[in-house]
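Please read the structure below before turning to the comments.
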Amino acid sequence: AQSVSQHNHHVILSEAASLELGCNYSYGGTVNLFWYVQYPGQHLQLLLKYFSGDPLVKGIKGFEAEFIKSKFSFNLRKPSVQWSDTAEYFCAVMLDGSSNTGKLIFGQGTTLQVKP
Amino acid sequence: DAGVIQSPRHEVTEMGQEVTLRCKPISGHNSLFWYRQTMMRGLELLIYFNNNVPIDDSGMPEDRFSAKMPNASFSTLKIQPSEPRDSAVYFCASMPGQGFGETQYFGPGTRLLVL
């Protein structure tokens, strides 16, 4: 079955450190890729998405992600994190094909804690 | 745009009681999704609708759960009878179209506690 794997379950960084969160998926067809962020007690918000074109995608709040098709990966990066980036981050994949009709497959999430 | 609206935001009930969660999707969106989030299982898709029609309910845990979408602007998720293991945050999401190349937008969630 198709799946999404986020390797880092809990990441602790100091402010100004660089961030990279890993995301890999298992599916051989065409995909749409998403990163959502969930701040404590809040709902999921879209950080960025990849549909096609330039594999380096820039999102809100200085985040970016790179789609590497050969590695089935879509890693999230930020050069310098802030305390306000403390949140849970979810990678999600949408598969092509008529049977999938817009379903998202989510990874288990990565909790990021940024120390001031 | 008001975004996806869910009510109630918090619900505390006793085991055996009926619980109804409500969702109003973004106006003009054709697809609606119900998710459940728990610490143990993460985000699970329960059911989704396209043009008010249930497409896939394979994620619904058991017969105690049911969902309806009587029109394009309203959906309910009902649990009857509720059990403590149903305690979770339930999210509703909507999407403009029906499939690939679209983005889901999430509501604020309903935090359910079954005692």
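Side notes on the structure shown:
- Search result, residues across region A:20-69 that are under 16 Å from A:LEU104 (Cα atoms), under 10 Å from the mean Cα position of the chain (by Cα) and not polar (S, T, N, Q): A:CYS23, A:LEU33, A:PHE34, A:TRP35, A:TYR36, A:VAL37, A:LEU46, A:LEU47, A:LEU48, A:LYS49
- The number of residues in region A:77-116 being open to solvent by 40 Å² or more (accessible area, probe 1.4 Å), touching a residue at least 40 places away in the same chain (Cβ under 8 Å) and within 17 Å of B:ALA93 (Cβ to Cβ) comes to 2.
- Counting only residues that are open to solvent by less than 60 Å² (accessible area, probe 1.4 Å) and at pLDDT 95 or above, region B:1-28 holds 13 of them.
- Whichever residue in region A:39-48 is crowded, with 19+ Cβ neighbours inside 10 Å and within 11 Å of chain B (Cβ to nearest Cβ) and, among such residues, is modelled with the lowest pLDDT: A:HIS43
- Any hit, region A:63-76, residues being more than 12 Å from chain B (Cβ to nearest Cβ), open to solvent by less than 60 Å² (accessible area, probe 1.4 Å) and in a loop (DSSP other than H, G, I, E, B): yes
- Qualifying strands (runs of 3 or more DSSP E) (wholly inside region B:24-115; at least 2 residues being within 12 Å of chain A (Cβ to nearest Cβ) and closer than 19 Å to A:VAL93 by Cβ): B:31-38, B:42-50, B:53-56, B:88-95
- Count - residues of region B:71-82 that are in contact with a Ser or Thr (Cβ under 8 Å, 6 or more places away or on another chain) and open to solvent by 30 Å² or more (accessible area, probe 1.4 Å): 3
- Which numbered condition A:SER84 fails, given (1) at pLDDT below 90; (2) out of contact with any strand residue (DSSP E or B) (no Cβ under 6 Å at 6 or more places or on another chain); (3) of a type outside the set (A, V, I, L, M): (1)
- Restricting attention to region A:24-38, the residues being away from chain B (no Cβ under 14 Å) and in a loop (DSSP other than H, G, I, E, B) number 1.
- Scoring A:LEU21 on the criteria (1) out of contact with any Asp or Glu (no Cβ under 8 Å at 6 or more places or on another chain); (2) aliphatic (A, V, I, L, M); (3) within 14 Å of chain B (Cβ to nearest Cβ); (4) open to solvent by less than 60 Å² (accessible area, probe 1.4 Å) leaves a single failure, condition (3).
- Residues that are basic (Lys, Arg) and either under 14 Å from the mean Cα position of the chain (by Cα) or modelled with pLDDT of 90 or more (or both) do occur in region B:99-115, at least one of them.
- Any hit, region A:99-116, residues being over 24 Å from B:MET39 (Cβ atoms) and at pLDDT 95 or above: no
- Residue within region A:97-113 that is closer than 23 Å to B:PHE106 by Cβ and more than 14 Å from chain B (Cβ to nearest Cβ) present: yes
The values are calculated or read from the model by the stated rules, or taken from the named source; none is laboratory data. Computed from a prediction, not measured in an experiment: that's the story for all the values here. Note: ideal-geometry Cβ built from the backbone for every residue, glycine included; neighbour counts use all protein chains shown. For accessibility, only protein heavy atoms count, side chains too; no ligands or nucleic acids. Shrake-Rupley method; radii C 1.70, N 1.55, O 1.52, S 1.80 Å.
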